Each structure stands twice: as C-alpha cells, then as structure tokens.
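Reading through the structure tokens given below for one structure.
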Amino acid sequence: MSEAAQNRPDQARADGTPAAGSVTTGTLVRDVVLYSVARLGLVVVLAVLILFGGRAFGVDVPLIVAALFAVLIALPLSLVLFAKLRKRVNLDIASVDAQRRADKADLHAKLRGEGPHR
C-alpha cells in the first residue's frame, strides 16, 4: 500500500484502531510534541557529537557552527529515523481534520434545517 493510501483518514490506523473520529486533539498534540522533542533531541545529540568530535581531532568548533551543521544533518536524518512517528502524526492530523469537516457539515445541515436533529 502506498504512503498516501496509508495516510487516508478513512483507513484504519496501523495499530488497528479506526482512524476517523478516534483521534482527539489531545492525542494529536501529544504526538506532535513527541515528534518535535525527538527531532530537537537529535539536533542536540548531533551538535554534541560535532563539538566533541572536533575536539578529539584537535579542532575547536564554535557552538553556532556545530548547531548549524547539526540542524542540516538532522533534517533528512529525522525523516528516516522517525518515519513511524511522522506517519502517526500525519494520520492523527488527517483524522482530526476529517472529524472537523464532518462536524462542520453537520452544523451547516442543522442550520439549513436538514437532518434528524431539528
């Protein structure tokens, strides 16, 4: 199955729970924060490796240079290392968005006087 098909909100999540309507905003926030912390942690680890790696070879690397290279290295590396978490965030976003659209359509139907909720 393609990655685009896996991220559809009407498909079941990888852990077997239904995607549509099952993800709350709190779950989405938790997953986004977890993904962000993981990426920032990777940047910190890479910056420390660059700093101390340079010192091991007798080169004094400035902190800003180490941080810049750490960010540049972490960008593509995090896509590979945290792919599962990134896909989970994508599924959560799609699910919350689908629920928001359904709620909006339901509200518009109620305002027009349609549907069973008169």
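Neighbour counts of other Cβ atoms within 10 Å put Asp92, Asp31 in the fewest-to-most order Asp31, Asp92. Here the label points at Val71 and Lys87, each 7 Å from Cα along the C-beta direction, are separated by 2.9 nm in the simple model.
Going from the fewest other Cβ atoms within 10 Å to the most, the residues Ser78, Ser22, Ser95 appear in the order Ser22, Ser78, Ser95. Listed values for region 47-54 are Karplus-derived 3J(HN,Hα) couplings in whole Hz (6.51 cos²θ - 1.76 cosθ + 1.60, θ = phi - 60°), namely 5, 5, 4, 5, 4, 6, x, x, and x replaces Gly and Pro. Near Tyr35, once Lys and Arg are set to +1 and Asp and Glu to -1 for all other residues with Cβ below 11 Å from its Cβ, the sum equals +4. Indicate the gyration tensor shape class of region 24-112 (rounded, prolate or oblate), computed on the Cα atoms with a ≥ b ≥ c the square roots of the eigenvalues: a/c under 1.5 is rounded; otherwise a/b larger than b/c is prolate and the rest oblate. It is prolate, given that a/c is not under 1.5 and a/b is the larger ratio. Residue by residue, region 62-76 carries 3J(HN,Hα) couplings of x, 4, 5, 5, 4, 5, 5, 5, 5, 5, 5, 6, 6, 4, x Hz when phi is fed to the Karplus relation 6.51 cos²θ - 1.76 cosθ + 1.60 (θ = phi - 60°); x denotes Gly or Pro. Among Leu40, Ile93, Val59, pick out the residue whose Cα is farthest towards the positive end of the charge dipole of region 24-112, where Lys and Arg carry +1 and Asp and Glu carry -1 on C-beta, about the Cα centre. Result: Ile93.
With a 10 Å Cβ neighbour count serving as the proxy for reagent exposure, in which order, fewest first, do Arg55, Arg112, Arg86 appear? Before the final figure, lay out the partial values.
Details: Arg55 11, Arg112 8, Arg86 17.
Listed from fewest to most nearby Cβ atoms, that is Arg112, Arg55, Arg86.
Each reported figure results from applying straightforward, stated rules to the coordinates on display, with no laboratory input. Please read these numbers as outputs of a predicted model, since none were measured by experiment. Ideal geometry is used to build each Cβ from the backbone, glycine not excepted, and the neighbour counts take in all protein chains shown.
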